[in-house]
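The values are calculated or read from the model by the stated rules, or taken from the named source; none is laboratory data. These numbers come from a predicted model, not from an experiment. Cβ sites come from the backbone with ideal geometry, for glycine too, and all protein chains shown count toward neighbours.
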Amino acid sequence: MRGAPSLAFYCDFDGTIAQQDMIGAIVRHFLPETGQAIVDKVTAGEWSVRQGVEAMFAEIPSHLLPQIQAFARQETRVRPGFAEFVATCRQRGWRLTVVSGGFDFFVHPALKPYQDVVSVYCNRLDDAGPYLRVVWSVPCDEACDGGCGLCKPTVIRRTRRPGERVVVIGDGVTDLKQAQLADFVFARDKLLQACRSLGLRHAAFETFYDIIGHLTTDLVWKE
Ligand SMILES: [Zn+2]
């Protein structure tokens with residue numbers, strides 16, 4: 001890896017660093033009646049991710065927020081190898097940015113041990129009104145076609161530095177727009193299928209040990 005360019009990782013949280021999709025788990029637990037219908041509309045492409053997530057939380061009364069926070073913290077499990085992956089980034093001087101469509105109350109506690117090296121973008125829930133309201137930290141910029149909620153490609157465009165190779169790590173369709181801006185993608189689940197069908201440069205992963213393994217080969221570095 002001598003003389004190789006520096007890497008900048010942009011990593012998803014739900015289903016990537018966290019084993020499961022926390023927003024999905026929250027909705028199944030707190031909105032079992034109507035949540036699935038909204039998920040189906042988003043999956044079918046009738047609604048954007050932004051519309052769907054906003055609609056789901058707009059049905060949850062604000063007084064439930066402390067219960068949601070406790071539930072999410074208790075359910076968050078970090079994927080094996082993440083601590084070692086962060087250590088590798090720290091040793092090599094690679095930048096690691098976590099870009100999450102999820103919320104501060106489960107993303108920040110999980111990443112607290114790494115806050116000295118990891119930049120974090122995520123969202124919050126406003127409980128000032130009778131029902132919860134999603135506050136997106138980074139809305140879509142003019143270069144995006146919109147509807148993201150937290151816009152992952154906007155984060156990349158704002159923060160990437162000249163000469164860096166951008167590596168995206170993710171699992172879902174919400175990672176696809178940022179994957180299309182990347183020099184290389186580590187993918188699982190639906191993002192993996194999308195990378196295959198679109199011919200994006202990628203490798204499959206299940207744990208962060210898989211990613212560390214790939215980084216010691218030249219796969220990621222080839223022009
Ligand atoms: Zn966007």
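Only one of the numbered conditions (1) touching a residue at least 40 places away in the same chain (Cβ under 8 Å); (2) over 30 Å from G81 (Cα atoms) is not met by G35, and that is (1). Is the range 86-96 home to any residue that is within 16 Å of the ligand (Cβ to nearest atom) and more than 21 Å from E206 (Cα to Cα)? There is no residue in the range 86-96 that is within 16 Å of the ligand (Cβ to nearest atom) and more than 21 Å from E206 (Cα to Cα). Whenever a residue of the range 144-162 is of a type in the set (A, V, I, L, M), its partners that are near the ligand (Cβ under 8 Å from one of its atoms) and not in a helix (DSSP H, G or I), lying with C-beta atoms within less than 9 angstrom and at least six residues away or across chains, give the pairs L150/P139. For the range 43-76, which positions are outside any helix (DSSP H, G or I) and either of a type in the set (V, I, T) or in the same structural domain as F186 (by TED's automatic domain parsing) (or both)? I60, T76 - these are the residues of the range 43-76 that are outside any helix (DSSP H, G or I) and either of a type in the set (V, I, T) or in the same structural domain as F186 (by TED's automatic domain parsing) (or both).
Consider L64 carefully, then state whether it is modelled with pLDDT of 95 or more and either touching a strand residue (DSSP E or B) at 6+ places or on another chain (Cβ under 9 Å) or over 29 Å from H29 (Cα atoms) (or both).
For L64, the condition - modelled with pLDDT of 95 or more and either touching a strand residue (DSSP E or B) at 6+ places or on another chain (Cβ under 9 Å) or over 29 Å from H29 (Cα atoms) (or both) - is not met.
Checked against the criterion of being outside any loop (DSSP other than H, G, I, E, B) and over 16 Å from the mean Cα position of the chain (by Cα), the range 91-105 has at least one qualifying residue.
Residue pairs whose Cβ atoms lie under 7 Å apart, separated by 6 or more positions or on different chains, with the first residue in the range 84-99 and more than 12 Å from V167 (Cα to Cα) and the second among the polar types (S, T, N, Q) and modelled with pLDDT under 95, are G93/S6.
Here Q74 meets each of (1) buried (at least 17 other Cβ atoms within 10 Å of the Cβ); (2) at pLDDT below 95 with one exception, condition (1).
Checked against the criterion of being in contact with a helix residue (DSSP H, G or I) (Cβ under 6 Å, 6 or more places away or on another chain) and among the aliphatic types (A, V, I, L, M), the range 102-112 has at least one qualifying residue.
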